[in-house]
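Here is the structure we will look at, set down as C-alpha cells.
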Amino acid sequence: MNLKIKRLDHHGIVSGVIEDLKIVSLLDQYLPQDDKQEITPGEAVKGMIMNGLGFANRPLSLSPQFFTNLPLEHLFREGVQASHFKHHILIVTNLVELSINASSLAVKAYFH
C-alpha cells in the first residue's frame, strides 16, 4: 500500500473562508479567462492570498515552491498543481490594466 501524507495546517480554514465569500467566482466573472492558463484568475488570487498568509517575507515568485506539499485537490480543485501558480503575476497585471479596483469588487461581493 502506498500512502502519501500532506499537511493542511491553517490553509483549509483560509480556503474555506475564500470559498464562503465566493471570491474566486466573483473575480472569474469580471476578469478575462486565458485558455492557456491551467488556473483561473480567481484561483490565482486565492493562491496569492494563501501564499501571503503562509510564506512570510518570501517573494510571490516562489508560489510553486509554497504549494508543493499542500493538498491542492482539497484547497482548490482536482487537477491543480503547484506549477500552475507560476503565472499569477501576469493576472495581477491584468487587474491593473483593466482598472478593476478592490473597492468596487468589495461592493459587488457585499451585494452578491
Which lysines, on any chain, are close to Lys36 with Cα under 27 Å apart, when same-chain ones fewer than 8 places away are left out?
Lys22, Lys46, Lys86
Would you mind computing, in nm to one decimal, how far apart the modelled labels at Gln29 and Asn2 are, each placed 7 Å from Cα along Cα→Cβ?
4.2 nm
Of Met50, Met1, which has the most accessible area and how do the rest follow, probe 1.4 Å?
Met1, Met50
All aspartates and glutamates inside 15 Å of Lys4 as judged from Cα atoms, apart from same-chain residues fewer than 8 positions distant:
Glu73
Counting other Cβ atoms within 10 Å, keep those with at most 16, restrict to DSSP loop, and tell me which GluC sites (Glu not before Pro) in the range 1-53 are left.
Glu38
For the range 12-57, max minus min Cα coordinate along each principal axis, in Å, sorted largest first?
30, 24, 14
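The values are calculated or read from the model by the stated rules, or taken from the named source; none is laboratory data. Remember, predicted model here, so these are calculated numbers, not experimental data. Counting neighbours? That spans all protein chains shown, and the Cβs are built from the backbone with ideal geometry, glycine included. Just the protein is used for accessible areas: all its heavy atoms, side chains included, with ligands, DNA and RNA removed. Shrake-Rupley method; radii C 1.70, N 1.55, O 1.52, S 1.80 Å.
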